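Everything on this sheet refers to the single structure shown next.
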Amino acid sequence: MQLARVLILAPHTDDAELGCGGTIARLLEEGAHISIAVFSTAEDSRPPDTPEGLLRDEFIEAMRIMGVPEKQLFIYDYPVRRLSYYRQEVLEELVRLRRTVAPTAVLLPASSDLHQDHQVVHIEGLRAFKDLTLWGYELPWNHVNFSAEAFVCLQERHLMRKWEALCAYKSQFQLQRPYFEREFILSLARVRGVQVRAEYAEAYEVLRVRL
């Protein structure tokens, strides 16, 4: 599979790290070119009495920890939970990203992700990149069903880099998100690893494979 140039589509800040942070760590270690597009900085969802732009700053810091250069980050400010109002604009941004990044593979929210913003990014991502390798990443709290069809095997160091990046999101710890717990991150990766006889793994829905 060609994973030399990977574009990751994240509806919100932190989705890329939560869904495929270990994969990002491994691919970077192997020399891949990683670009990440975030469509909402979720200003309306930040904790009370926190500064404007907090989640944007946390995302940039998380990516610095991961090792993704800032020039490979694309951050948009569509309102959280209202991406469906801007479907055409999102699609046009994706088409521009296709020209700018020229990815060989795209990771995006899985088709079974129930969050309204994630559904928009999934559908418009399919529309813009339908002829490329496409994998849907897992965010279990948003799924009733998830088709785990591809697995990226990980070492503990990849999971630790993912966790270190997530620790940049102090706002999410302040909100006590249950999926921002070290035990949860490691346990899910261990379950996925057991399924393919590896120590750890992240699972993906396979939408398209182009070799």
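The values are calculated or read from the model by the stated rules, or taken from the named source; none is laboratory data. Predicted model only: the values in this text are computed from it and were never measured. So basically every Cβ, Gly included, is an ideal-geometry build from the backbone, and we count neighbours across all protein chains shown. Just the protein is used for accessible areas: all its heavy atoms, side chains included, with ligands, DNA and RNA removed. Shrake-Rupley method; radii C 1.70, N 1.55, O 1.52, S 1.80 Å.
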| message | Once neighbouring chains are kept in place and the probe is 1.4 Å, which whole percent of the accessible area of the chain is contributed by carbon and sulfur? | response | 48
| request: Determine the dipole magnitude for the chain: charges of +1 sit on the beta-carbon of Lys and Arg, -1 on that of Asp and Glu, nothing else is charged, the reference point is the Cα centre, and the result goes in debye to the nearest 20. | output: 620
| task | Take every Cα-Cα distance within the range 57-211, group them into 5 Å bins from 0 onward, and report for each bin the whole-number percent of pairs it holds. | result | 2, 8, 14, 18, 23, 21, 11, 3, 0
| 115, 122, ranked by accessible area, largest first (probe 1.4 Å) | 115, 122
| remark: Averaged per residue, the 1.4 Å probe accessible area of the chain, protein heavy atoms only, in Å², is roughly 46
| Solvent-accessible area of residue 56 with every protein chain in place, 1.4 Å probe, in Å² to the nearest 10 | 70
| message | As an exercise, identify the chymotrypsin sites (Phe, Trp or Tyr not before Pro) in the range 37-82 lying in DSSP coil whose Cβ has no more than 16 other Cβ atoms within 10 Å. | response | 76
| said: For Cα pairs less than 8 Å apart in space and 6+ apart in sequence, what is the mean separation divided by the residue count of the range 1-131, i.e. the relative contact order in percent? | reply: 32
| said: What do you get for GluC sites (Glu not before Pro) in the range 1-49 restricted to DSSP loop and a cutoff of at most 12 other Cβ within 10 Å of the site's Cβ? | reply: 30
| message | Need the full-extension length gain, residue 195 to residue 77, defined as separation in residues times 0.36 nm minus the C-alpha distance. One decimal, nm. | response | 38.7 nm
